[in-house]
Structure formats: C-alpha cells, structure tokens
Amino acid sequence: MSNEALVKQIIGIMLLMLGRSVAAADRPDDAVATAPLDVADIRHVMDAFHHAVTTHDGKGVCDLFLDHGSTWVTVLSDKAFAAAKAKNAAAQKVRVSSYQDFAAFVASTKSVLDPRHDQVQIMSDGAVASVYFHFNFVINGKVENRGDETWQLVKTPDGWRILAITYSSSPE
C-alpha cells in the first residue's frame, strides 16, 4: 500500500470515529435506545389492545389512544388496490379513519376477532416510541387481512398512549 493510500485510510477512520462521537454527543445523557422498562410497558399496551379487541371492548380500545389528534391509516397493497379499483373506480389506496371507528366495529361485531402479530420491533427514547410488526387479522378463525403495521406512541403522565396506527392491507 502506498503512503498516500495509507494516509487516506487513516483519515477516513478518524473521520468515521469523529462522526460517531459527534452523534453520541447530540444525544442527551439520559436518553437510552429502548429501555427495558419501556419495552415491557409498550408490550403491555399491545397486550391490552389485543385483549380489548378479542373481548369486544370498544372503550378499552379507545382508552389506549391519545384522545386528541390520533390517526388510523390504511394503505392497500398494490394487488389489493388493483382489485378494489376493478370493483369500484373510486376506491382509494390510502384511507384515513379513526380509532373510534375501529372501536365501534370491535364493540358491535358478533364475529370472533383475533389480531395476531409477530416480528415485533420496539424503539423508544423514553418519551416517544415506535413499534413495527407483521400482523394477521383473524376473524372467525380465518385470516381476513394481513400486512405490516406501525404504531407511534407517546408517554403521558398516565403511561404510554397510541398516537397513530398505520398499516398495509392485503386482504384475503
């Protein structure tokens, strides 16, 4: 290796190390990437959501959300969107609704509901959190919808609340 190549390599390593220390310095001392207590508390919110859905507890679903400004967004997969457009030219790929609409469905349906999720990834700094996972929404023992879902949560004085749920939708 030439001296010039060696010098460039050393400078590159030094810049990389400097960049890491600058990034670390930008993070507050008390900020941690996904504290174990946050993970446990957020999993509790997810379990409470599952329980509320399976027991048709619409109020229980609502209680998990930050009351003002929360959103519920469905994004059809390309295949599902094409099928929807074939049935109805006015079909929308992205639909914004509300957790209250979902809670009303949960409370009024006679169907057996079982939202299942796996590959859960939780990130938090103790004030805000993001959860990403794959889901299957099972109704009366049959997978009726599947996709990926993301939740944005905020930590209030009363605990973690869901601010937004956005999910891809690939109905069966």
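The values are calculated or read from the model by the stated rules, or taken from the named source; none is laboratory data. Computed from a predicted model, the values in this text were never measured in an experiment. Every residue, glycine among them, receives a Cβ derived from its backbone with ideal geometry; neighbour counts consider all protein chains shown. Heavy atoms of the whole protein, side chains included, go into the accessibility calculation; ligands, DNA and RNA do not. Shrake-Rupley method; radii C 1.70, N 1.55, O 1.52, S 1.80 Å.
Structure above, values below:
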{"read-out": "Tally, over region 121-170, of residues that are among the aliphatic types (A, V, I, L, M) and closer than 14 Å to residue 38 by Cα", "value": "9"}
{"read-out": "Residue 136, sole failed condition from (1) on the phi > 0 side of the Ramachandran plot; (2) polar (S, T, N, Q); (3) under 15 Å from the mean Cα position of the chain (by Cα)", "value": "(1)"}
{"read-out": "Considering residues of region 155-167 that are under 14 Å from the mean Cα position of the chain (by Cα) and open to solvent by 40 Å² or more (accessible area, probe 1.4 Å) only, the residue nearest to residue 92 (Cα to Cα)", "value": "166"}
{"read-out": "Residue match in region 7-23 (condition: within 30 Å of residue 160 (Cα to Cα) and either modelled with pLDDT of 95 or more or not in a loop (DSSP other than H, G, I, E, B) (or both))", "value": "yes"}
{"read-out": "In region 77-90, residue nearest to residue 162 (Cα to Cα) [restricted to those that are open to solvent by less than 40 Å² (accessible area, probe 1.4 Å) and touching a residue at least 12 places away in the same chain (Cβ under 8 Å)]", "value": "77"}
{"read-out": "Filtered residues of region 98-154 (kept if in contact (Cβ under 8 Å) with a residue 60 or more places away in the chain and open to solvent by 50 Å² or more (accessible area, probe 1.4 Å))", "value": "117, 123, 125"}
{"read-out": "Unmet requirement for residue 74, which otherwise passes all of (1) in a helix (DSSP H, G or I); (2) among the polar types (S, T, N, Q); (3) open to solvent by less than 60 Å² (accessible area, probe 1.4 Å)", "value": "(1)"}
{"read-out": "Residue in region 34-57 that is surrounded by 10 or more Cβ atoms within 10 Å (Cβ to Cβ), among the acidic types (Asp, Glu) and under 20 Å from residue 143 (Cβ atoms) present", "value": "no"}
{"read-out": "Output for region 59-71, where each listed residue is of a type outside the set (A, V, I, L, M, F, W, C) and open to solvent by less than 60 Å² (accessible area, probe 1.4 Å)", "value": "60, 70, 71"}
